[in-house]
Amino acid sequence: MGLLMVMSIFSDSTVDNFSYLQNLNPAQREAVETMDGPVLVLAGAGTGKTRVLTTRLGHLLSTGRAHPGEILAVTFTNKAAQEMKNRVSAMLGRPVEGWWLGTFHSLAARMLRRHAELVGLKSNFTILDEDDQLRLLKQLMETENIDVKKYPPRMVMSFIQRWKDRGQLSEQVPVAEASTIVDGAVPKLYRLYQERLRILNACDFGDLLLHILTTFRDPQHTQILADYQNRFRYILVDEYQDTNVGQYLWLRLLAQKHKNICCVGDDDQSIYGWRGAEIGNILKFERDFPGAKIIRLEQNYRSTQHILSAANGVIAYNKGRLGKNLWSTDDLGAKVILRGVWDGLQEATQVAEQVEDLRRKRVPLSQIAVLVRAAHQTRAFEERFIKQSVPHRVLAGMRFYERQEIRDIIAYLRVLVQPDDDLAFERIINVPKRGIGATTVDRIRAAARSKGMSLHNALAALLAAGELSGKTKDTLQAFMHKFTRWRQLQRDISHVELTQIILDESGYTGMWQAGKTPEATGRLENLKEFVSALHEFDSLEMFLEHVSLVMDTDDKFGGEQVTIMTYHAAKGLEFDVVILPGWEEGLFPNQRAMDENGLLGLEEERRLAYVGLTRARKHVYVYFAANRLVYGSWANCLPSRFIDELPKEHVEVVTETGVYKNPAQQAYGDNLYRGRSALMTENLHGYTLESAAGFSVGDRIVHAKFGHGTVVATDHNKLDIKFDTAGRKKLVDSYVTRAD
């Protein structure tokens with residue numbers, strides 16, 4: 001389609017007048033209209049990022065700068081891609097077809113199916129899920145006599161996927177790094193794993209981008225990269241702060257010809273370093289693309305100014321950021337409420353009471369969220385909410401396509417479409433039970449290895465050669481004949497009808513019908529829902545690829561229920577009220593994150609605090625406990641350093657008597673934490689505190705809850721105290737006073 005035709009298609013009066021630009025603020029409009037050259041849009045929380053992205057896409061089309069096939073638009077979730085497509089179509093008044101819009105994985109898969117043979121695959125390759133990856137790796141480890149109990153396959157796979165995310169092949173893995181893992185055996189396992197994937201005509205998620213990068217960088221295939229560089233005149237990237245090294249390399253290669261790349265992201269919301277996201281990608285954008293324009297979106301349309309100022313104050317302590325300051329034209333609103341409590345039980349109780357109070361004030365429960373740093377923190381709130389009959393949901397649990405019965409029928413469909421898929425074939429060869437034992441499966445597997453073929457083909461060869469006999473031969477022959485028949489039916493009936501036939505003729509539906517248990521009933525309902533889902537796709541191939549590429553785990557929160565979730569799960573969501581418990585050193589910021597990653601880990605923890613605060617529209621409640629039950633023992637807790645970093649003019653302290661050194665002081669001042677910020681010395685592995693209390697062994701003290709006691713040992717600002725009636729405890733010095 002030529003540019004003149006595109007201009008004609010999008011030439012109605014709405015588009016001609018560019019009315020869609022009128023509702024943008026100056027910074028948003030600049031981000032939309034700066035179309036040529038590299039552009040980095042630093043979009044703070046709640047600043048209209050999605051509007052900018054979709055309007056920019058529509059503007060490129062309506063001005064005739066590019067036709068749809070010349071635009072590459074990359075998102076991180078299928079939901080975001082679909083929303084972008086719908087918004088652009090609505091803005092232009094007609095659907096847009098032919099463009100490259102989707103997730104990194106879906107776009108890479110689209111490219112790879114065009115060039116699969118260059119990396120030793122066929123175009124109908126299977127994309128393995130996590131379960132199949134681990135089963136395959138476990139088989140290889142056992143073949144190599146590696147103890148899978150000592151070295152869990154999941155751990156080994158994490159290293160392989162980390163290298164893939166960096167764009168590294170097995171021979172490119174740094175020797176120094178590899179030598180410390182599984183006695184240096186992981187690079188070999190990586191190589192064997194890749195070889196086995198090729199035999200299976202399969203790849204995993206990491207391969208989708210890795211194989212394309214390998215092709216792009218191959219000097220024998222330079223024309224392939226050149227063709228894509230010529231094709232994509234404009235590149236748009238959402239959530240750029242979450243890209244890993246491999247994604248970054250892919251984008252940088254594609255942008256080299258026209259350099260019209262626009263990346264939208266927020267360095268202050270980069271919270272996925274643990275899964276490979278590299279914040280350096282966004283921080284070095286100007287170095288990678290000289291002359292790049294940086295546009296900051298700072299006007300916030302979500303939160304009140306007190307909340308924004310609190311978030312600005314905390315994130316300002318990070319050194320690895322490009323810098324911006326969120327602001328709002330709305331009223332100041334309510335200050336952030338800081339509550340100190342004696343222990344975790346009291347924290348859960350007060351949070352439940354806080355929710356009840358909000359409900360009495362007619363705040364919808366669906367607009368209240370409790371965000372925690374670690375999943376284990378949810379238990380206390382679940383139990384308390386149950387006791388107080390507070391409707392709630394925990395954002396967790398098994399997703400639909402991860403359920404056993406769904407995985408089983410998907411395996412049947414995978415073998416139907418791609419017979420060489422050994423992992424799927426092995427999963428269903430005895431499901432439902434057909435009397436096929438491990439000995440028979442091992443025999444088929446050995447034949448496959450010796451002949452260098454798939455299990456499906458090896459079984460066919462064994463049957464043809466008469467090497468199987470008796471009931472086993474009859475059962476397996478019937479099994480293979482069913483697949484032959486189903487493949488013939490595939491040409492004549494819809495994939496929905498075919499799936500129902502497979503469920504019935506395989507005996508799978510009958511297996512669960514015979515169960516007659518509540519669990520079996522639920523599984524049958526899930527299978528019905530599975531068949532219903534097939535109606536949304538034109539073919540089995542499209543459906544199976546969709547299942548493999550589903551990345552979006554966000555749930556739609558309907559109904560009147562409080563939501564309990566982690567900070568990571570909350571990213572991208574917003575609520576009227578956000579409750580943030582557990583702001584204590586070691587819990588938040590998380591000690592493990594700091595120990596493993598030093599200052600980088602601390603800064604990512606601080607970004608989590610920023611994300612948590614900016615989820616709220618109207619109210620934020622921050623809690624910390626003086627004591628917490630950890631693994632059955634009580635531990636004394638320091639308030640989180642992030643509390644010190646909250647600007648005092650935007651915080652109101654409401655705390656239990658005696659939790660602070662000076663409980664009568666209700667203003668947020670230096671005495672609350674005895675000047676902790678001034679005494680803190682940060683280093684790569686956390687912080688150290690110097691004692692300013694001056695307590696000595698033998699001093700008599702009094703505590704508001706535990707009564708009188710004697711100091712028996714000191715460690716900086718921590719005191720080991722033997723209480724007269726409450727026993728021996730360790731407390732922070734600011735929680736006690738000298739006895740008269």
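The values are calculated or read from the model by the stated rules, or taken from the named source; none is laboratory data. Just so it is clear, the structure is predicted and the values come from calculations on it, not from any experiment. Using ideal geometry, Cβ is built from the backbone for each residue, glycine included, and neighbour counts are taken over all protein chains shown. Only protein heavy atoms, including side chains, enter the accessible area calculation; ligands, DNA and RNA are left aside. Shrake-Rupley method; radii C 1.70, N 1.55, O 1.52, S 1.80 Å.
Annotations
- Computed accessible area, Glu356, all protein chains, 1.4 angstrom probe, square angstrom: 40 Å²
- Accessible area per residue, Å², the chain with all protein chains present, probe 1.4 Å: 44 Å²
- If the convex hull is drawn through the Cα atoms of the stretch 137-190, its volume per residue in Å³: 67 Å³
- Using a simple spin-label model with pseudo-atoms 7 Å out from Cα toward Cβ, Glu97 and Thr34 lie 3.6 nm apart.
- The residue among Ala726, Met453, His619 whose Cα reaches farthest toward the positive pole of the charge dipole of the chain, with charges on the beta-carbon of Lys, Arg, Asp and Glu, is Met453.
- Rounded to the nearest 20 debye, dipole of the chain from Cβ charges on Lys, Arg, Asp, Glu: 460 debye
- Between Met91, Asn23, Val370, the Cα set farthest toward the positive side of the dipole of the chain (charges on each charged residue's Cβ, about the Cα centre) is that of Val370.
- Accessible surface of Arg135, taken over heavy atoms with a 1.4 Å probe and every protein chain present, rounds to 60 Å².
- The stretch 115-265 - charge dipole about Cα centre, Lys and Arg +1 at Cβ, Asp and Glu -1, debye rounded to 20: 380 debye
- Shape index of the chain: Rg/Rh, with Rg the Cα radius of gyration and Rh the Kirkwood radius from the inverse mean 1/r over Cα pairs, equals 1.01.
- Distant alpha-carbon pairs in the stretch 178-221 (separation over 16 angstrom), percent: 52 percent
- Extending 7 Å from Cα along the Cβ direction at Leu599 and again at Met480 yields two label points whose distance is 6.5 nm.
- Between the helical axis of 130-143 and the longest alpha-carbon principal axis of the chain there is an angle of about 80 degrees.
- Reference-scaled alpha-carbon Rg (2.2 N^0.38 Å with N residues) for the stretch 150-245: 1.26
- Based on alpha-carbon atoms, the Kirkwood radius and the radius of gyration of the stretch 196-250 give Rg/Rh equal to 1.03.
- Solvent accessible area, Å² - Lys730, 1.4 Å probe, full protein context: 130 Å²
- For the stretch 253-368, the fraction of C-alpha pairs farther apart than 16 angstrom is 75 percent.
- Between the Cα long axis of helix 404-417 and the first principal axis of the chain there is an angle of about 30°, rounded to the nearest 10.
- Working note: 222 nm ellipticity from helices only, DSSP H runs with n ≥ 4, each -39,500 (n - 2.57), summed and divided by the residues of the chain, gives -13500 deg cm²/dmol to the nearest 500.
- The chain, relative contact order in percent, only Cα pairs under 8 angstrom and at least six apart counted: 15 percent
- Cross-link partners of Lys451 among lysines, defined as those whose alpha carbon lies under 28 angstrom from its own and excluding same-chain residues fewer than eight positions apart: Lys122, Lys138, Lys188, Lys433, Lys471, Lys473, Lys482.
- Here the chain has 50 percent of its accessible surface on carbon and sulfur atoms, given a 1.4 Å probe and all protein chains in place.
- Cross-link pairs beyond the 18 Å C-alpha cut-off, checked among Lys85/Lys257; Lys49/Lys571; Lys293/Lys324: Lys85/Lys257
- Rounded to 0.05, the FRET efficiency of the Asn636 and Trp274 pair, given R0 = 45 Å and the Cβ-Cβ distance, is 0.95.
- Beta bridge orientation in the chain: antiparallel %, DSSP, nearest 5: 35 percent
- FRET efficiency for Phe537 and Asp218, using Cβ-Cβ distance with R0 set to 41 Å, rounded to 0.05: 0.75
- C-alpha long axis of helix 186-199 to longest principal axis of the chain, angle in °: 40 degrees
- Counted residue by residue at 0.36 nm each, then reduced by the alpha carbon distance between them, the extension gain from Ser494 to Val702 reaches 67.1 nm.
- Residues Arg449, Arg359, sorted by accessible area with the largest first, give Arg449, Arg359 [1.4 Å probe; ligands and nucleic acids excluded].
- Rounded to the nearest 20, the Cβ-based charge dipole of the stretch 362-495 about its Cα centre (Lys and Arg +1, Asp and Glu -1) stands at 340 debye.
- Other residues within the sphere of radius under 13 Å centred on the Cβ of Gln477, judged by their own Cβ, net out at +3 (K and R +1, D and E -1).
- log10 of Debye I(q)/I(0), alpha-carbon scatterers only, for the stretch 557-636 at 0.26 Å⁻¹: -1.26
- When the chain is described by a simple charge dipole with +1 on each Lys and Arg Cβ and -1 on each Asp and Glu Cβ, the residue from Asn281, Ile564, Val351 located farthest towards its positive end is Ile564.
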